[in-house]
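Below: the structure, in structure tokens.
The values are calculated or read from the model by the stated rules, or taken from the named source; none is laboratory data. Remember, it's a predicted structure, so these values are computed and weren't measured experimentally. When we count neighbours, we look across all protein chains shown, and the Cβ atoms used for this are built from the backbone with ideal geometry, even at glycine.
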Amino acid sequence: MFDLIIKNASLPDGRTGLDIACAGGLIKAVEAGITAEAGEVIDAQGWLISPPLIDPHFHMDATLSLGTPRMNVSGTLLEGIALWGELKPIQSVDDIITRALRYCDLAVSMGLGAIRSHVDVCDDALKGVEALIEVRRQVAPYLDLQLVAFPQDGVLRDPTAMDNLIRALDMGVDVVGGIPHFERTMADGAASVRLLCEIAEKRGLMVDMHCDESDDPLSRHVETLAYETQRLGLQGRVTGSHLTSMHSMDNYYVSKLIPLMVEAGLHAIPNPLINIMLQGRHDTYPKRRGQTRVPELRDAGITVGFGSDCVMDPWYSLGRADMLDVAAMGLHVGQLSSRADMAWCFDAVTVNSAHIMGLEGYGIAPGCKANMVLFQARDAIEALRLRAHRLATIRAGKVIARTAPHCVDLALPDRPATLDPSDYAPG
């Protein structure tokens with residue numbers, strides 16, 4: 001007797017017609033023709049089922065704060081940072097908890113199973129840290145929330161940021177963050193990378209730094225991040241997020257930089273929606289795309305996961321917790337248009353990001369956690385094309401969110417009465 005059996009599902013690797021049996025919160029079997037009884041049976045009807053969508057880069061302490069205390073009139077990164085500085089003193093711990101829990105509801109409905117959120121520690125009261133630690137506790141039954149101690153104003157530039165970061169880690173924050181390109185000088189930026197990586201090494205923690213989120217080709221802190229990763233033996237535990245200055249660097253330098261990143265085992269997290277919105281603001285035309293060199297990083301063997309970064313906050317007025325939107329934007333901006341490229345973009349918001357976050361038991365195989373999403377699409381590429389409906393979000397073998405299939409009623413002469421967008425494929 002199983003808790004749940006999903007019948008006739010398609011998997012992201014192309015296999016079709018499979019049944020998935022779950023019990024005790026785990027996947028027990030993935031094979032065709034399972035005939036055992038179960039507490040619930042879902043007929044997938046050939047739709048795609050995958051492990052949960054993953055967001056490896058987000059700012060949950062700011063989400064859903066759009067318009068408080070005012071709007072970002074220019075829509076720029078720097079005004080967003082200034083606006084966040086105005087919001088921090090006036091928001092309460094309860095304000096942050098309320099917004100974050102509302103966002104987590106939305107995230108689950110969109111098939112998200114894990115989020116890595118940076119939390120600003122440049123606030124002596126550490127309200128965001130206190131709030132998101134409580135949110136992490138509350139959502140643990142249905143969402144994995146990993147927290148990064150993020151010194152938004154610069155760990156050396158802000159006079160209390162380093163002490164606050166240590167306090168945040170002592171409170172239970174999971175990952176060491178940084179923002180070296182926001183320090184006062186290039187030298188201070190490099191020093192911040194060294195100090196923060198040393199803290200992570202001593203505590204046995206992962207590192208995820210906002211690194212070179214700039215159009216400046218001379219912003220090269222990822223090179224220092226690679227060096228410190230190797231020096232301290234942190235290979236596989238360090239991530240560079242954004243890395244947008246690479247879109248401006250000359251090819252010769254990048255031909256040296258990427259192998260250094262590979263040697264260090266760095267991971268990379270571009271944030272397509274936000275990067276293309278905020279970067280290139282000083283350009284007229286030609287205008288830079290704002291996204292790092294995704295195909296080159298991937299082809300060199302670096303694990304690349306797409307992050308959403310922001311939803312309705314001081315930096316970005318849009319968003320809806322949809323990682324398929326994120327992946328589709330990364331696909332278009334990166335010109336990742338081959339069939340293999342497009343399938344890889346689905347991996348960038350699932351398996352790749354799960355690897356970056358170090359999630360255990362992730363996947364669709366016996367022994368994995370019974371955490372899954374059922375999409376109204378036949379395969380991963382179609383899921384991206386359609387931004388497919390999430391028909392069911394499953395956690396530990398139980399359905400925690402359901403959506404009715406998308407179907408349109410038509411009233412056209414001599415035409416079908418209903419339209420299912422997923423039926424519209426070539427031929």
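Descriptive notes on the structure:
- Output for the stretch 305-332, where each listed residue is farther than 26 Å from Ala100 by Cα and crowded, with 19+ Cβ neighbours inside 10 Å: Leu331
- Of the residues making up the stretch 265-303, those that are in contact with a Ser or Thr (Cβ under 8 Å, 6 or more places away or on another chain) and closer than 17 Å to His221 by Cα number 8.
- Any hit, the stretch 307-330, residues being in the same structural domain as Pro217 (by TED's automatic domain parsing), without any contact (Cβ under 8 Å) to a residue 24 or more places away in the chain, more than 30 Å from Pro69 (Cβ to Cβ) and in a helix (DSSP H, G or I): no
- Of all residues in the stretch 38-56, those satisfying the criterion of being buried (at least 20 other Cβ atoms within 10 Å of the Cβ) and not in a strand (DSSP E or B) are Ala44, Trp47, Pro51, Pro52.
- Selection of strands (runs of 3 or more DSSP E) fully inside the stretch 331-427 by the criterion of at least 3 residues being over 30 Å from Met206 (Cα atoms) returns 390-395, 398-402.
- Any hit, the stretch 30-37, residues being part of a strand (DSSP E or B) and under 22 Å from Ala388 (Cβ atoms): yes
- Number of the condition not met by Ala100 [criteria: (1) hydrophobic (A, V, I, L, M, F, W, C); (2) surrounded by 18 or more Cβ atoms within 10 Å (Cβ to Cβ); (3) closer than 20 Å to Asp124 by Cα]: (3)
- Test: residue in the stretch 99-120 that is more than 20 Å from the chain's Cα centre (by Cα) and touching a residue at least 12 places away in the same chain (Cβ under 8 Å): no
- Within the stretch 269-282, residues that are over 15 Å from Ser245 (Cβ atoms) reach partners that are surrounded by fewer than 20 Cβ atoms within 10 Å (Cβ to Cβ) and aliphatic (A, V, I, L, M) with beta carbons closer than 7 Å, at six or more positions or on different chains, in the pairs Pro272/Val333.
- Within the stretch 342-351, the presence of a residue that is under 30 Å from Ile81 (Cα atoms) and more than 16 Å from the chain's Cα centre (by Cα) is excluded.
- Ala187 being crowded, with 17+ Cβ neighbours inside 10 Å, of a type outside the set (S, T, N, Q) and either more than 23 Å from the chain's Cα centre (by Cα) or under 20 Å from Lys127 (Cα atoms) (or both): no
- Selection count where residues are hydrophobic (A, V, I, L, M, F, W, C) and surrounded by 22 or more Cβ atoms within 10 Å (Cβ to Cβ), scope the stretch 127-142: 4
- The requirement of being crowded, with 17+ Cβ neighbours inside 10 Å, modelled with pLDDT of 95 or more and either on the phi < 0 side of the Ramachandran plot or in the same structural domain as Ile394 (by TED's automatic domain parsing) (or both) is fulfilled nowhere in the stretch 69-77; no residue meets it.
- Every listed requirement among (1) farther than 20 Å from Asp423 by Cα; (2) surrounded by fewer than 19 Cβ atoms within 10 Å (Cβ to Cβ) is met by Asp347 save one, (2).
- Some residue of the stretch 126-140 being within 14 Å of Met323 (Cα to Cα) and of a type in the set (D, E, K, R): no
- Once the stretch 385-416 is narrowed to residues that are at negative phi and touching a Leu at 6+ places or on another chain (Cβ under 6 Å), the residue that is surrounded by the most Cβ atoms within 10 Å (Cβ to Cβ) is Leu391.
- Selection of the stretch 150-171 for residues being touching a helix residue (DSSP H, G or I) at 6+ places or on another chain (Cβ under 6 Å) and either among the polar types (S, T, N, Q) or not in a helix (DSSP H, G or I) (or both) yields Pro151, Gly154, Val155, Leu156.
- Verdict on Gly361 being touching a Cys at 6+ places or on another chain (Cβ under 7 Å), at pLDDT 95 or above and either more than 21 Å from Val119 (Cβ to Cβ) or not assigned by TED's automatic domain parsing to the domain that holds Thr16 (or both): yes
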